[in-house]
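The values are calculated or read from the model by the stated rules, or taken from the named source; none is laboratory data. Keep in mind that what you see is a predicted model, and the values were worked out from it rather than measured. With ideal geometry, Cβ positions are generated from the backbone for all residues, glycine too; neighbour counts draw on all protein chains shown. Side chains are part of the model used for accessible areas, which takes the heavy atoms of the whole protein and leaves out ligands, DNA and RNA. Shrake-Rupley method; radii C 1.70, N 1.55, O 1.52, S 1.80 Å.
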There are 6 protein chains.
Amino acid sequence: MDNSRMDHLTWVTYEQRIQDPNVIVLLPVGALEQHGPHLPLGTDALLANAVSQSVAAQIGAIVAPPINFGYKSQPKCGGGQHFPGTTSLDGSTLASLTCDIIAELARHGVRNVAVVSAHYENQWFLTEGIDLARRRVGPNSPLRVMRLEYWDFITETTLEKIFPEGFPGFALEHAAVIETSMMLHYFPDLVRLDQLPEHPAAVFPPYDMYPTCTHWVPSSGALSSAKGATAEKGVLMIDEVTTRIAAALRKEFIDG
Amino acid sequence: MDNSRMDHLTWVTYEQRIQDPNVIVLLPVGALEQHGPHLPLGTDALLANAVSQSVAAQIGAIVAPPINFGYKSQPKCGGGQHFPGTTSLDGSTLASLTCDIIAELARHGVRNVAVVSAHYENQWFLTEGIDLARRRVGPNSPLRVMRLEYWDFITETTLEKIFPEGFPGFALEHAAVIETSMMLHYFPDLVRLDQLPEHPAAVFPPYDMYPTCTHWVPSSGALSSAKGATAEKGVLMIDEVTTRIAAALRKEFIDG
Amino acid sequence: MDNSRMDHLTWVTYEQRIQDPNVIVLLPVGALEQHGPHLPLGTDALLANAVSQSVAAQIGAIVAPPINFGYKSQPKCGGGQHFPGTTSLDGSTLASLTCDIIAELARHGVRNVAVVSAHYENQWFLTEGIDLARRRVGPNSPLRVMRLEYWDFITETTLEKIFPEGFPGFALEHAAVIETSMMLHYFPDLVRLDQLPEHPAAVFPPYDMYPTCTHWVPSSGALSSAKGATAEKGVLMIDEVTTRIAAALRKEFIDG
Amino acid sequence: MDNSRMDHLTWVTYEQRIQDPNVIVLLPVGALEQHGPHLPLGTDALLANAVSQSVAAQIGAIVAPPINFGYKSQPKCGGGQHFPGTTSLDGSTLASLTCDIIAELARHGVRNVAVVSAHYENQWFLTEGIDLARRRVGPNSPLRVMRLEYWDFITETTLEKIFPEGFPGFALEHAAVIETSMMLHYFPDLVRLDQLPEHPAAVFPPYDMYPTCTHWVPSSGALSSAKGATAEKGVLMIDEVTTRIAAALRKEFIDG
Amino acid sequence: MDNSRMDHLTWVTYEQRIQDPNVIVLLPVGALEQHGPHLPLGTDALLANAVSQSVAAQIGAIVAPPINFGYKSQPKCGGGQHFPGTTSLDGSTLASLTCDIIAELARHGVRNVAVVSAHYENQWFLTEGIDLARRRVGPNSPLRVMRLEYWDFITETTLEKIFPEGFPGFALEHAAVIETSMMLHYFPDLVRLDQLPEHPAAVFPPYDMYPTCTHWVPSSGALSSAKGATAEKGVLMIDEVTTRIAAALRKEFIDG
Amino acid sequence: MDNSRMDHLTWVTYEQRIQDPNVIVLLPVGALEQHGPHLPLGTDALLANAVSQSVAAQIGAIVAPPINFGYKSQPKCGGGQHFPGTTSLDGSTLASLTCDIIAELARHGVRNVAVVSAHYENQWFLTEGIDLARRRVGPNSPLRVMRLEYWDFITETTLEKIFPEGFPGFALEHAAVIETSMMLHYFPDLVRLDQLPEHPAAVFPPYDMYPTCTHWVPSSGALSSAKGATAEKGVLMIDEVTTRIAAALRKEFIDG
């Protein structure tokens, strides 16, 4: 039994845990989306969950079971919907799902919820779900919600170490060095190092087209090279990200 | 890497796998719901996932990541919403979620999908989600969907073995002998044997009340005694259930 | 003018009636669904309405006009959607309809509402509609709602009398002895006794398939034989059902 | 058994009836709404149903069970929501309900559907429901739908006879001479002649206010006097309305 | 900068303006819909906006930016959806849009909102949007909303002047004398006087058909002749309409 | 009459224009949102519309009337919902609105649509609306849609000229140099130069909090200084942006 996993707790233990008004529940949100020939379809959900558990271990938080599906993959940040295996939700579905879960946590008496996303495309539908939950619980609820994308906690200093030749930007990091390195640390058996894509970063025009211009996207599905990914880089980023998320949670929910 | 877990496959491998027109994708659906003082909140999702993987191992199916949240707990089959930790979805959210995922699998070219539920309250919203997905993919789609609740595959003969003193019925089995036995096999570390509830089965009137009459429900959250649960009984049921589900899938999707 | 029919009351009389805080409003919910070659498509709505009026006569309740349409027919309990005439609602439509009506009754000041369903497939969408109505009226509303399926009020003793050769279960009773007998009492002109189906009860596998496996379902649309149905059996069940529903309403809403 | 009532037909008979490509299904739509101190809350549904059956008798049409609830009552045409007993649907609920029913009829193979409304406020949500049904069945469906409000079939000549002192307009006719006269013919027992309101017609400003300005509305709930209503006037209008609706249906669906 | 246009105000000025509890915000709602060969597609939005600004100038109200799209055009009042350029919203979209905007104004602290529509088909979806907004802000909100269609403020006396040969009714006035005259005053450059349609008024049966019977509608798109339209008539109506709307607003929101 | 404004065209002219299969319809989308003490609440809609018209003038496109309201303002890119005047839509409303409009344009026969947004928060709900429209029109529709945010067409070179001391990033540019400069060119009368905020750029943590941490946001509502904004800079950016958007439209829709 993992003390931080909400789905591993009995209701009796959960009830005891949430007596603490400072208790924080983390809700990991991922996706089921192509991540190149070397990373598994579940990469985002696996990372959202793993990062949440690492954070929870530091501050005694509870991790809700992950939302395993995310918003529709876009060419510029996820490669697009045309890759087999990418299994996405409508925006309203993801927002409703987020809303329902958060409103239920608030109904239990939880005051502090953090939505931990690992899929770029989720952000705005999570934001909407949080807003709808707040509307449902009403203006007198003590509920406060943090929404975060884990990569935003990597500092410039670290990015310089990870990308000695220059950081291509988070959007192009889909299935590239950051995700591959973190997966190498957390789930090494799920990374096919022999399939690591090594092509130049994708170059996109300053607009989007629907239906997808599939020729814009590298056929590997990765948006830039994953070469140079290592478990060591993964640890470096994971340590920084989880420490800083833990600090942010403490600041906003406990000390704040 | 588990070959049956869709979230462990790369898109390249997934694409290869679904070239087989007989391939079946299983979608496990659980809940986050109180399961007495001895079973974890995630019992239904854990069992839906575990049963799906056992089935998949027998017939080479693919298991999608689970839907970890289910429909609102009802007193007569899940104890009700008033237990802390029970975290449920609106009916329309669950139906939309099911619809979106199935429609996406169909878009990939998958023809055979089985929705494997381990939470009694899910059934009708899964059914609606399947129907909405079929409306979305249109009448010419080759998509066929099976929806099942795993316990329906336990034979009378086995029930007689498991319940030598008489079977109380599946609804009252919430957090009782069947679920506890199966959890003892699959996830023994998550069962608190020292907390096994031993009270008479709940007795309900032939109607439901909203708001919940909480005094109808045993304070443990279990609806009948979990005493007598053993890992051996778990194996017995799991073997039967998974073998018979595998046979049903073969019959409907491959031989049929 | 029938004093129990809400649609027969003027608003002035209705206003007077609901001054009584103990007044109960019954909302009958049926379906428009095939019921074999011998029973009319409106069987469920007709029975829901008739049972509600019989109950109302006993306790001075008010019966709202029926919801004449229900959720999609399923092969195992209603024969399935493929029979001409079966005219069903989406789950969200039925839930919204139920929600709106109950919330309006609560707005009038009614505290006690009972949803009386005669269509197996309705249950969960009625449940959701009730929950959404309770969300809309807010936690301070005195509204209490009972939801019932009338057949659950038939006792074992009576079932033994009705089915001397053994009761096949409520699901298989679609268009069979129970419904035919009750229709013979309430609406004898609508029963075509010369068309009574006499085939063995349907046998279903422990799962559902979409699209419907129509060959699972007897071509008559009845799921077991209606032979042996009589008006006398109808009376026996109706007396028991309505007396016991009346008692339940008194217990929960008046004495409770 | 009434041959025109769909809910009185077995599925077998219904199937036979709809083999005729000219068959027309009428869907009556009413409301549950105050109709003054002299008419019952169900007036609109009762009239929609009665008119539909009179029409069906003339042309061999089928009448679906009525939608017994309608859109929210407005002060200027129905008195407003503040009268006890007025039990209304959200616009989206009524549109969805209409959509689902029509799409189901089309699925059966019915080509000709007429929505017969007796509640002024319903019109636009019925129109939307019809449009959504047409979107659902797709551009290749042979489905054609007529939507009508029965009073529009009363000719000027007849109005002059009914209102020798001048016709106040249909909106102000709520619970007044037209409806009372028709109810006196169809349902004389439901009209409380001793309660007939006799006040001047309501006078409204050229705008609406929300919340309702209840002082705009006569306290009786009728918008103009029902004095002068007679069963004879009822017959006169009913004959004209039903004959002309029948002619319209023939023209559009059979001869057209 | 136009002091009445909300989109021309800074938030600082807006905040100052709404300190006045009597301040009124007008929300113009139009459509993008064919208006004959002589009036532009945006006629309704242009007029709704212009009338609102004229009113605002008289009473110091604020005009929100217009909703530029409206509900689906109907043959009898707008010609129907089959004319190129008619670009319409689903009913639920228009209701949600109206609801969201009004609820936001109420959140700012605005108590008095008037929805000014210039498109006949909008009325009921605006009404629903207003009702949904009132549900969202809750029963304790001081929000009051007026909904109006500007043409209802033209008096009989004026109509007699405008239509010396008899007024065909507002529905048939689509793209005819009233709208053309008002456009000639407000937007003379947008009226193609050389294209003024001069055909008899359309004659419609007392029902509607879906799909649209396009042959019912004059091929020009106007429902009656625009001949006789002049800027002078426009001024006459505009003066009356805006003066009377201003008076109504004062009466309901300030003096009332 | 402006030949590019769709709301200024008659349906006859519009019909002629869209005979050209290369014709492009631009849909401007803005917001009603605080833009500091110096820019009006309608800045985003005004700019979206102005940029669209400038583009249209270059390539003979048609500009639909703008969507004047946008998604909820976020602290990090728009200051947040707490500023009076910010009037925002739910995500589902904006997506439905976008969907309906695009599907209608496709119904007219338009093949090429570009959604031109000037409000950062809109992006994902526009994307969803486009996807829902594509689902509605079906896979055989020739419809293609571009979605763009105008600022993405400003080149690095130009940014260096505009921000000689370094570019703070587009998110922090809310109500700052870019928007102010463009407004100074297009709508100089709407800019209050005497109110230009001159504070350091806001500094945000790498996460979001709900409810909004209002102390994160400069009290002016601008996220960085607007000092240095000039009409000349506005022209420079506008020329570049509109020329490059025109080129992109030509490439994708005409030459491509």
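When the residues of the stretch B:218-232 are narrowed to those that are farther than 20 Å from B:Ala171 by Cβ and not aliphatic (A, V, I, L, M), which ends up most open to solvent (accessible area, probe 1.4 Å)? Restricting to residues being farther than 20 Å from B:Ala171 by Cβ and not aliphatic (A, V, I, L, M), the top hit is B:Glu232. Tell me which residues, restricted to the stretch F:229-255, are in contact (Cβ under 8 Å) with a residue 60 or more places away in the chain and small (Gly, Ala, Ser). Correct list: F:Ala246, F:Ala248. Residue selection: B:Ala114 fails the criterion of being over 30 Å from B:Met209 (Cα atoms), out of contact with any strand residue (DSSP E or B) (no Cβ under 7 Å at 6 or more places or on another chain) and either among the aliphatic types (A, V, I, L, M) or open to solvent by 50 Å² or more (accessible area, probe 1.4 Å) (or both). Within the stretch A:89-111, the only residue that satisfies the criterion of being open to solvent by 10 Å² or more (accessible area, probe 1.4 Å), touching a residue at least 60 places away in the same chain (Cβ under 8 Å) and touching a Leu at 6+ places or on another chain (Cβ under 7 Å) is A:Arg111. Of all the residues in the stretch E:233-256, those that are within 19 Å of E:Phe170 (Cα to Cα) and either of a type outside the set (Lys, Arg) or open to solvent by less than 50 Å² (accessible area, probe 1.4 Å) (or both) number 11. Could you grab me the full set of residues in the stretch B:29-43 that are under 27 Å from A:Leu89 (Cα atoms) and more than 7 Å from chain A (Cβ to nearest Cβ)? Scanning the stretch B:29-43 gives B:Val29, B:Gly30, B:Ala31, B:Glu33, B:Thr43. Filtered by the rule that a residue be within 13 Å of chain A (Cβ to nearest Cβ) and open to solvent by 40 Å² or more (accessible area, probe 1.4 Å), the stretch F:156-168 gives a lone residue, F:Glu156. Take the conditions (1) within 11 Å of another protein chain (Cβ to nearest Cβ); (2) surrounded by fewer than 24 Cβ atoms within 10 Å (Cβ to Cβ); (3) in contact with a Lys or Arg (Cβ under 9 Å, 6 or more places away or on another chain); B:Ala64 misses just one of them, which is (2). Inspection of the stretch A:159-171 identifies at least one residue that is basic (Lys, Arg) and under 28 Å from A:Ala248 (Cβ atoms). Restricted to the stretch F:73-83, and to residues that are open to solvent by 10 Å² or more (accessible area, probe 1.4 Å) and closer than 14 Å to F:Gln123 by Cα, which residue is nearest to the other protein chains (Cβ to nearest Cβ)? Ranking the qualifying residues of the stretch F:73-83, first place goes to F:Gln74. Looking at E:Thr86, is it surrounded by fewer than 24 Cβ atoms within 10 Å (Cβ to Cβ), within 11 Å of chain F (Cβ to nearest Cβ) and not aromatic (Phe, Trp, Tyr)? So E:Thr86 does not fit the description; no. Picking from residues in the stretch D:193-217 that are away from chain E (no Cβ under 14 Å), closer than 19 Å to C:Val12 by Cα and out of contact with any helix residue (DSSP H, G or I) (no Cβ under 9 Å at 6 or more places or on another chain), the one that is surrounded by the most Cβ atoms within 10 Å (Cβ to Cβ) is D:Pro197. C:Glu173 meets each of the listed conditions (1) at the interface with chain B (Cβ under 9 Å from one of its Cβ atoms); (2) surrounded by 20 or more Cβ atoms within 10 Å (Cβ to Cβ) apart from (1). F:Met183 satisfies every condition listed in (1) modelled with pLDDT of 95 or more; (2) open to solvent by 50 Å² or more (accessible area, probe 1.4 Å) except (2).
Quick check, is E:Leu46 within 14 Å of chain F (Cβ to nearest Cβ), open to solvent by 10 Å² or more (accessible area, probe 1.4 Å) and under 21 Å from D:Pro75 (Cβ atoms)? So E:Leu46 fails the test. If you go through the stretch B:120-174 and keep only what is touching a Leu at 6+ places or on another chain (Cβ under 6 Å) and farther than 26 Å from B:Leu223 by Cα, you end up with just B:Val137.
For the stretch A:153-249, the helices (runs of 4 or more DSSP H) that sit wholly inside it and include 3 or more residues that are among the small types (Gly, Ala, Ser) are A:231-249. Filtered by the rule that a residue be closer than 30 Å to E:Phe83 by Cα and surrounded by fewer than 24 Cβ atoms within 10 Å (Cβ to Cβ), the stretch E:1-37 gives a lone residue, E:Pro37. Kindly indicate the residue of the stretch B:128-155 that is at the interface with chain C (Cβ under 7 Å from one of its Cβ atoms) and either without any contact (Cβ under 8 Å) to a residue 40 or more places away in the chain or open to solvent by 10 Å² or more (accessible area, probe 1.4 Å) (or both) and also nearest to B:Cys77 (Cα to Cα) among those meeting that condition. Result: B:Asp152.
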